[in-house]
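Asker: A single structure is presented below for examination.
The values are calculated or read from the model by the stated rules, or taken from the named source; none is laboratory data. Note that the structure is a prediction, hence the values are computed from the model and not measured. Virtual Cβ from ideal backbone geometry, glycine too; neighbours counted across all protein chains shown.
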């Protein structure tokens, strides 16, 4: 019962984002105006003009003009072909079933080319199914149907790209840019406090003022971006904004570390030219953040990253400092410059991501990929049952084909609503499919009841068209808020249009019954055809995150172990990127598990602890990597190597234990392998934090095996 209540809450939960009112009105104009013109001019086939405009509006997921034109243009072409193909194949039942299997599977497999291709494939499949249910009697009618759908889509493209361009990711852009501006304000204040030799009280005041504000800004940006991506579907644009937000996060933590170093310097050290150069580099960082924020806020092309001077110390200055400064002072300055170098690397990474966000593509080293690599490469890489996209495409194709066969055999009226429901509900993951099914069925039932109540009072085009305009606008506007509510207004719209075209006022009941049947088929297909429940995927994701952290730890300690060449910043950036992706994947898998209807194989508390401390462990290792590595004694290097090897073995054992569902091996005494405090006080303190994080991870993995599914730990003192 509690699980049903949780699912019910998820069905009616609204995302914390404003409705896309302007996008809804624009979609209503693209959808309804062609239908009005067709009725006014007594042109048959207005429904296909309407469908073309609606599908093209739905395929507009934002981005640069080139990206939007490409996705909408692909939707136009695929939709026209789908309408023509469905009209021809619908003349024979056997041909309908065969072509449906091939076409829908191929369209679903198009997801290997990205989120935009997946949306185009879904709309093309829907157009095919509707056309399949309404066969024609000649090739000329089939060509006319495809042409009308293309004409409606062309009108939607002209409206979206020329007459009324809208920035659907505008709020997310502004929120992410606000994160950069908040970090820039804090970095500027750190530079000013250092320059004037502020007191400890002044530093503390600024920390209290800025840290909470920046954290709130980043949290708001994250929730805004998540809601936009959830409402509009995954897209490359949303992914690039997410990367930029993560870069702002690591910039914030790095500025905190740099501020701590600057605050610790004596007043006489602040006046030294080398520390003044650090202060100037921080000013350069602020200028770059201002440029990044402006670039993120606007659409279109961005200018090249500026060639500002970051003022790194010259070799001559370094040799002079070696003679004049104490070891502690040199270490502090070296640590500060290491942090500045990290900030510069983050700026360069953000600049590249910002360029991709604007629809531009950076030239890759080496020759550009060939046509075969671009087109055939993703297909070749995913032609196996191990591919999630391939399994999902087969599942959608087979389930849709069964729905087509059932509709042809047993459903005389509007059987395509069964198939459309299957196409809409089926998602790559079980939890998402179940949630979408509940929202689709519930929304269709409510919308069907409303349509039945309103059908008799809207019996002329003059009364119907304004009402349909409003319902289309509302349905598109509220997609980011809640899919179920979107389904209510979508059902209301198309049931009224279908009833008006056919004069049959019982279609609301037919729509509800057909949707219920389609929902049942979709869930059956999800559970019977190559389902990999999240309880099987989550251990793999957790193990991958643990192994990514293991590699990062070994990389961070490699500078302090041997005389080999130290890893470059690009190596660290790639390691951090792998950690971020692996942790995000594990967190997303856990959230999907919580939405599954049959989640009986995973305790909650240990996994939540494991996910939280994976990020804290990564932060502790980043602190080690950012600290100076020079001056480590030979004895300490031996101790660090032993510690690193033991810690790496523990992390690998934890990954294997998570993956196999077994208890981990006993935790060794990592504290006994730490360097001597008198020789390496800073490094020992940092490695102590790493060891404590490993202990927490080990405990979480142990409890995960010991607890029963979804068991919550007892409160202290309870039997």
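Asker: Kindly evaluate residue 119 against the criterion of being assigned by TED's automatic domain parsing to the domain that holds residue 479, in contact (Cβ under 8 Å) with a residue 60 or more places away in the chain, surrounded by 21 or more Cβ atoms within 10 Å (Cβ to Cβ) and within 21 Å of the chain's Cα centre (by Cα).
Answerer: Values: assigned by TED's automatic domain parsing to the domain that holds residue 479: yes; in contact (Cβ under 8 Å) with a residue 60 or more places away in the chain: yes; surrounded by 21 or more Cβ atoms within 10 Å (Cβ to Cβ): yes; within 21 Å of the chain's Cα centre (by Cα): yes.
Yes, satisfied.
Asker: Let me spell it out: the conditions are (1) farther than 30 Å from residue 532 by Cα; (2) more than 26 Å from the chain's Cα centre (by Cα), and residue 476 meets all of them except one. Which number is the exception?
Answerer: Residue 476 satisfies all of (1) farther than 30 Å from residue 532 by Cα; (2) more than 26 Å from the chain's Cα centre (by Cα) except (2).
Asker: Which condition does residue 433 not pass, out of (1) modelled with pLDDT of 75 or more; (2) surrounded by fewer than 14 Cβ atoms within 10 Å (Cβ to Cβ), if it passes all the others?
Answerer: Tallying (1) modelled with pLDDT of 75 or more; (2) surrounded by fewer than 14 Cβ atoms within 10 Å (Cβ to Cβ), residue 433 fails exactly one: (2).
Asker: Next question, about the same structure. Tell me, please, whether a residue that is over 25 Å from residue 634 (Cα atoms), in a helix (DSSP H, G or I) and either modelled with pLDDT of 90 or more or out of contact with any helix residue (DSSP H, G or I) (no Cβ under 9 Å at 6 or more places or on another chain) (or both) can be found in region 670-688.
Answerer: No.
Asker: Next question, about the same structure. Can you pull out every residue in region 11-41 that is part of a helix (DSSP H, G or I) and more than 15 Å from residue 157 (Cα to Cα)?
Answerer: Matches in region 11-41: 11, 12, 21, 22, 35, 36, 37, 38, 39, 40.
Asker: With touching a residue at least 12 places away in the same chain (Cβ under 8 Å), part of a helix (DSSP H, G or I) and under 19 Å from residue 50 (Cα atoms) as the only criterion, which of 446, 470 stands out? Walk me through it before giving the result.
Answerer: Numbers: 446 fails: under 19 Å from residue 50 (Cα atoms).
Matching residue, one of 446, 470: 470.
Asker: Another question about this same structure. Could you tell me whether any residue of region 406-413 is within 20 Å of residue 106 (Cβ to Cβ) and surrounded by 17 or more Cβ atoms within 10 Å (Cβ to Cβ)?
Answerer: Scanning region 406-413, I find no residue that is within 20 Å of residue 106 (Cβ to Cβ) and surrounded by 17 or more Cβ atoms within 10 Å (Cβ to Cβ), so the answer is no.
Asker: Test of understanding: among 626, 612, 663, which residue is in the same structural domain as residue 588 (by TED's automatic domain parsing), at pLDDT below 80 and loosely packed, with under 15 Cβ neighbours inside 10 Å? Before the answer, list the steps.
Answerer: Working: 626 fails: loosely packed, with under 15 Cβ neighbours inside 10 Å; 663 fails: at pLDDT below 80.
After ruling out the rest, the residue left standing is 612.
Asker: Ok, one more. Would you please name the residue that is surrounded by the most Cβ atoms within 10 Å (Cβ to Cβ), looking only at residues in region 691-712 that are modelled with pLDDT under 80 and assigned to a helix (DSSP H, G or I)?
Answerer: 705
Asker: Looking only at region 482-532, count every residue that is at pLDDT 80 or above, within 28 Å of the chain's Cα centre (by Cα) and either under 15 Å from residue 445 (Cβ atoms) or outside any helix (DSSP H, G or I) (or both) and tell me the total.
Answerer: 11
Asker: Consider residue 189 carefully, then state whether it is more than 30 Å from residue 429 (Cβ to Cβ) and modelled with pLDDT under 85.
Answerer: No: the conditions fail for residue 189.
Asker: Could you tell me whether region 372-384 includes any residue that is buried (at least 19 other Cβ atoms within 10 Å of the Cβ), over 24 Å from the mean Cα position of the chain (by Cα) and either at pLDDT below 80 or not in a loop (DSSP other than H, G, I, E, B) (or both)?
Answerer: no
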